[in-house]
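Below: the structure, in structure tokens.
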Amino acid sequence: MSSESANENCLGYAARDPSGVLSEYKFSRRALGIDDISIKITHCGVCYADVIWARNKHGDSKYPLVPGHEIAGIVKEVGSNVLRFKVGDHIGVGTYVNSCRDCEYCNEGFEVHCAKGSVYTFNGVDADGTITKGGYSSHIVVHERYCFKIPDNYPLASAAPLLCAGITVYTPMKRHKMNQPGKSLGVIGLGGLGHMAVKFGKAFGLHVTVFSTSVSKKEEALSQLGADKFVVSSDQEQMTALVRSLDFLIDTASGDHPFDPYMALLKTGGTLVLVGFPSEVKFSPASLNLGMKTISGSVTGGTKDTQEMIDFCAAHEIHPTIEIIPIQYATEALERLVKKDVKYRFVIDIENSLK
């Protein structure tokens, strides 16, 4: 046995090539540093980012690739400088595990926008030159700054999707003051991100309208998620009836779609936030200028907002709608995610299936 294999202390599931097929993989996590926390992973959410990099959609995947950046678990060891966590605490890790900790964005708690680039939780290059490996694994070692407290009364399986899907919609809602009771919110697309936007919108006291191309989602949007209205976005009559009626729109759709019909739904001074990644964004200048509307973009969020969101979810009993799966099902889950066949987030039960 080589010394390298003798030091393989972590079991995970990895993609070996752009097929994205995942299989068992042993590797080594770094030794615990004085500011680090070693986390026993109990659950990991399945995000579309896992599909993108497992299948090398951006051409920059580094194999073997261990996906997963919606991580929940239990503290098993802490470095000597760690103050916020102790062994046994419930803990979460999101989409990044390092940053420069010195630029204006890091100093303001917006580490995800670090001027030197934040280090992604998987397929990133860490400060020591190693390639980061994500949450489809038995444990992870992370600097305390990028870890989040999960209240004991909040299920770890529910916490996992908050670390990407939840924070991706919570951050712009907070930034653009979409927490004013009585205002109106439109949510475009009803997947992992969209269903969280609906839940947050209702918790903030907003009147929420869901826009989807799929009429089959009407019943679940209204009765299960509590939306106030459902609109089939391809129905011209339904869309026209809502012109200039919304204060806010959150666009979670990553498929290509027209923007002018949605911009027309905003009131004067209204805001559309894009959190999806269509191949292009195209709209008429008049859609923006007439009615002094705003279009904004956003990705996940900084450490301050992430902890605030977790605490908000625990206090208001907001839980993502999840389907729990064993790690052996992960490849099939990615395929189902591509087909949009999930309500609304897969969560891998790492603790009970990765042996």
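The values are calculated or read from the model by the stated rules, or taken from the named source; none is laboratory data. Predicted, not measured: the structure shown is a model, and the values here were computed from it. Cβ placement follows ideal geometry from the backbone for every residue including glycine, while neighbour counts extend to all protein chains displayed. The protein model used for the area step is the full one, side chains on, heavy atoms only, and it has no ligands, DNA or RNA in it. Shrake-Rupley method; radii C 1.70, N 1.55, O 1.52, S 1.80 Å.
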### Query
For segment 194-276, which strands (runs of 3 or more DSSP E) that fit wholly inside it have 3 or more residues that are of a type outside the set (S, T, N, Q) and open to solvent by 10 Å² or more (accessible area, probe 1.4 Å)?
229-232, 266-274
### Message
So the check is Cβ under 7 Å with 6+ separation or different chains; which pairs have a first residue in segment 20-39 that's over 18 Å from G73 (Cα atoms) and without any contact (Cβ under 8 Å) to a residue 60 or more places away in the chain and a second one that's of a type in the set (S, T, Y) and not in a strand (DSSP E or B)?
### Response
I34/S80
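On the given criteria, is A31 out of contact with any Cys (no Cβ under 9 Å at 6 or more places or on another chain), open to solvent by 30 Å² or more (accessible area, probe 1.4 Å) and of a type in the set (A, V, I, L, M)?
Numbers: out of contact with any Cys (no Cβ under 9 Å at 6 or more places or on another chain): yes; open to solvent by 30 Å² or more (accessible area, probe 1.4 Å): yes; of a type in the set (A, V, I, L, M): yes.
It is true that A31 is out of contact with any Cys (no Cβ under 9 Å at 6 or more places or on another chain), open to solvent by 30 Å² or more (accessible area, probe 1.4 Å) and of a type in the set (A, V, I, L, M).
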### Identity of the residue in segment 173-188, under 17 Å from the mean Cα position of the chain (by Cα) and crowded, with 22+ Cβ neighbours inside 10 Å, that ends up farthest from S245 (Cα to Cα)
M173
### Those residues of segment 323-348 which are open to solvent by less than 50 Å² (accessible area, probe 1.4 Å), in contact with a helix residue (DSSP H, G or I) (Cβ under 7 Å, 6 or more places away or on another chain) and not aromatic (F, W, Y), in sequence order
I325, I327, L334, L337, V342, R345, V347, I348
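Regarding A54, is this residue in contact with a strand residue (DSSP E or B) (Cβ under 8 Å, 6 or more places away or on another chain), small (G, A, S) and either at pLDDT 95 or above or within 20 Å of S118 (Cβ to Cβ) (or both)? Step through it out loud before you land on a result.
Numbers: in contact with a strand residue (DSSP E or B) (Cβ under 8 Å, 6 or more places away or on another chain): yes; small (G, A, S): yes; either at pLDDT 95 or above or within 20 Å of S118 (Cβ to Cβ) (or both): yes.
Yes.
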### Query
Can you pull out the residues in segment 72-93 that are open to solvent by 50 Å² or more (accessible area, probe 1.4 Å) and either without any contact (Cβ under 8 Å) to a residue 60 or more places away in the chain or under 15 Å from E351 (Cβ atoms) (or both)?
K76, E77, S80, K86, V87
### Message
For the condition of a type outside the set (A, V, I, L, M), free of Cβ contacts under 8 Å to residues at least 12 places away in the same chain and part of a loop (DSSP other than H, G, I, E, B), what is the one hit in K116, K57, K62?
### Response
K57
### Task
Please go through segment 94-127 and pick out each residue that is closer than 18 Å to T171 by Cβ, buried (at least 21 other Cβ atoms within 10 Å of the Cβ) and among the polar types (S, T, N, Q).
T95, S99, S118, T121
### L354, sole failed condition from (1) under 27 Å from G201 (Cα atoms); (2) of a type outside the set (S, T, Y); (3) touching a Leu at 6+ places or on another chain (Cβ under 9 Å)
(1)
### Message
Test of understanding: among G205, G186, G182, G192, which residue is in the same structural domain as A264 (by the TED database) and closer than 21 Å to I71 by Cβ?
### Response
G192
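Is it the case, given these coordinates, that P67 is assigned to a loop (DSSP other than H, G, I, E, B), crowded, with 18+ Cβ neighbours inside 10 Å and on the phi < 0 side of the Ramachandran plot? Steps first, answer last, please.
On the way: assigned to a loop (DSSP other than H, G, I, E, B): yes; crowded, with 18+ Cβ neighbours inside 10 Å: yes; on the phi < 0 side of the Ramachandran plot: yes.
It is true that P67 is assigned to a loop (DSSP other than H, G, I, E, B), crowded, with 18+ Cβ neighbours inside 10 Å and on the phi < 0 side of the Ramachandran plot.
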## Note on the structure
Matching residues in segment 1-24 (open to solvent by 40 Å² or more (accessible area, probe 1.4 Å) and at pLDDT 95 or above) number 7
